[in-house]
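Nothing in this text is a laboratory measurement; each read-out follows from the coordinates by a stated rule. The structure presented is a predicted model; accordingly, all values stated were derived computationally and were not measured. In this analysis, Cβ positions are derived from the backbone assuming ideal geometry, glycine residues included, and neighbour counts consider all displayed protein chains.
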Amino acid sequence: MRHYNYLIVGSGFSGLTFAERAATQVGKTSLIVDRRDHLGGNAYDYHDAAGVLIHRYGPHYFRTNSTLICDYLSQFTEWHQVNYEILSYSDGRYWNFPINLNTFEQFLGRPSTSEEMEKWLAEHRVPIESPKNSEEVIVSQVGWELYEKFFKGYTLKQWKREPKELDASVCGRISIRTNRDNRYLREEFQALPKEGYTRMFEQMVAACGDKLTLMLQTDYRDVLSSITFDHMIYTGAIDDYFDCFYGPLPYRSLRFEPESFTKEQLGAREKISGKKGFWQPAMQVNYPNEEAFTRIVEMKHATGQQGDNTTIVREYPDDYEPGKEAYYPIPAPDAAALYQRYKTLADGEKNVSFIGRLATYRYYNMDQVVGIALAEFKKLEKIS
C-alpha cells in the first residue's frame with residue numbers, strides 16, 4: 001500500500017495544474033491516473049504520419065485575459081502568437097465570421113460603413129429585452145436572415161437540438177461586430193504553445209520530479225485497493241463517479257476524419273486557399289448548412305509549422321453513448337436540473353474535489369480550467 005497526498009483522476013489541464021502546484025509549492029505527492037494512453041486530455045496534440053502537428057480531439061485555441069494564468073503556463077512553454085481567424089462556408093462561398101463589417105459588405109455585394117451596418121441591424125433585429133435561449137440571443141442582434149445563414153443549421157447539427165432549446169450562452173459566446181475585426185476571439189492574449197500542448201504538459205510533469213507518479217491506460221477504480229490518499233481531485237464525468245445513480249447526463253460526442261495532402265496532391269486547392277502548402281483559406285471553416293460535418297480545421301494555419309504537407313480534419317457531431325468520448329455537456333434546462341442532483345451528491349462527498357468541464361458539467365475555456373485548478377490548490381493548501 002503506497003500513500004499519496006492526492007489521487008488525481010485525469011491528466012488534462014485541471015489535473016496537471018493541481019499536481020504541479022502541489023509538488024513544487026508544498027512538496028505534496030500525487031498519483032495521476034488516466035484511462036487514455038497519453039497526457040493532456042482533449043488538448044493532446046501530436047505529429048501525424050504526414051509530419052503535421054494536429055489536435056487529436058478538435059482545435060484548442062488558447063486565449064486569456066488573465067496575466068496570472070499566462071505567467072503560470074509560461075513557466076512550461078514559449079508561445080507562438082496567433083490571431084485566430086475563421087470563415088463560414090454558405091451559399092457556395094466563404095464568408096468572414098464572426099459577423100462583422102466585412103461580412104456585411106459580402107452580404108450587400110458592395111462597400112459599406114459601420115453606420116450603415118448598425119442601421120441595418122437596428123431595422124432587422126428582433127426586439128427581445130432579455131434573450132432566454134440561443135435563438136433569441138442571435139435574432140435579437142442580427143435578425144432572422146443572418147441567423148439562418150450562419151447559426152441555425154450549425155447549432156442544430158452540433159447539439160441535435162433546436163437553438164431555442166439551448167441556453168443563451170451557446171450562441172452568445174460569438175460576438176457580432178460592426179467594425180472590420182476578423183478575429184474569432186477577443187481575449188488580449190491569443191497563442192499556442194510553441195512546441196505544442198503535449199510538450200508543455202511534459203514540462204509540467206518534469207517540474208514535479210519524484211513527487212508525481214503517472215499511470216496511463218488505467219481506470220482509477222482499479223488502483224483504489226492498492227493505495228491510500230488524503231484527498232481526491234476528480235476531473236472525470238460527475239455522473240460516472242456516482243455510477244449514473246440518477247441516470248446518465250446527456251453529452252454530445254464528436255467524430256474526426258483527418259486527411260493529409262502532399263505538395264503534389266494539393267494542386268488546385270492552393271488556388272482556393274490562396275496560400276502555398278494549404279488546403280483551405282483559414283485555419284477553420286464552418287459549414288452551417290447541408291454538410292454532415294460542422295467544420296474543417298487545418299491547424300497548420302495557426303501553428304506556423306513550415307513544410308509542404310498539410311492535414312485537414314473534418315469534424316462530425318455525434319450522439320454520445322458508452323464507449324465514446326463525452327465532449328460537450330448539453331447546455332439546456334433539463335440537463336442542468338439533472339446535474340444539480342449530482343452536484344448535491346458531490347457536495348456531500350468528503351475529501352473529494354470536483355473540478356474541470358466534466359466534473360462540473362460546464363463548458364469552460366482552457367484558461368478558466370487552469371484558474372479553477374489554481375484556486376482549488378490555494379483552498380486546500382489553506383486547509384492543510
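Dipole of region 230-284 (Lys/Arg Cβ +1, Asp/Glu Cβ -1, origin at the Cα centre): which of I233, P250, L266 lies farthest to the positive side? After comparing all options, I get L266. Separation of region 146-210 and region 58-121 by C-alpha centroid, Å? Centre-to-centre distance over Cα atoms comes out at 11 Å. Each Lys and Arg contributes +1 and each Asp and Glu -1, all at the Cβ; summed about the Cα centre of the chain, the dipole is approximately 360 debye. Listing V26, V297 from fewest to most neighbouring C-beta atoms within 10 Å gives V26, V297. In the chain, the DSSP-assigned H stretches of four residues or longer account for a calculated mean residue ellipticity at 222 nm of -9500 deg cm²/dmol, using -39500 (n - 2.57) per stretch and the full residue count as denominator.
As a ratio to 2.2 N^0.38 Å, the alpha-carbon radius of gyration for region 86-172 is 1.09. Between the amide H of Y46 and those of I54, R56, distances stay under 5 Å, these residues lying 5 or more places away or on another chain, with hydrogens modeled in the peptide plane.
Computed from the C-beta positions of T67 and S169 and an R0 of 22 Å, the FRET efficiency is 0.30 to the nearest 0.05. Scanning residues 5 or more positions from Y184 or on other chains, those with amide H under 5 Å from its amide H are Y84, E85, I86, with H placed 1.01 Å from N in the peptide plane.
The alpha carbons of the chain give a radius of gyration and a Dmax of 22.2, 73 Å, in that order. Computed from backbone phi with θ = phi - 60° and the Karplus coefficients 6.51, -1.76 and 1.60, the 3J(HN,Hα) list for region 199-211 is 4, 4, 5, 4, 5, 5, 5, 4, 5, 6, x, 7, 7 Hz; x is used for glycine and proline.
In this structure the amide hydrogen of E195, modeled in the peptide plane, comes within under 5 Å of the amide hydrogens of E78, none closer than 5 places in sequence on its chain. Dipole magnitude for region 241-347: about 440 debye, using +1 per Lys or Arg Cβ and -1 per Asp or Glu Cβ, origin at the Cα centre.
Most simply put, the chain has about 60% antiparallel DSSP beta bridges, counting only bridges with both residues inside it.
Over 19 Å between Cα atoms, which of K157/K275; K132/K324; K28/K379; K160/K324 qualify? Provide the component values of the computation, followed by the final result.
Numbers: K157/K275 30 Å; K132/K324 31 Å; K28/K379 15 Å; K160/K324 17 Å.
Pairs exceeding 19 Å: K157/K275; K132/K324.
With respect to the chain, whose longest principal axis is taken over its alpha-carbon atoms, helix 114-124 is tilted by about 90°. Residue order for E162, E321, E85, fewest other beta carbons within 10 angstrom first, comes to E321, E162, E85. Across region 271-384, Cα pairs under 8 Å and at least six residues apart give a relative contact order of 15 percent.
From least to most packed, judged by other beta carbons within 10 angstrom and beginning with the fewest, L146, L358 follow the order L146, L358.
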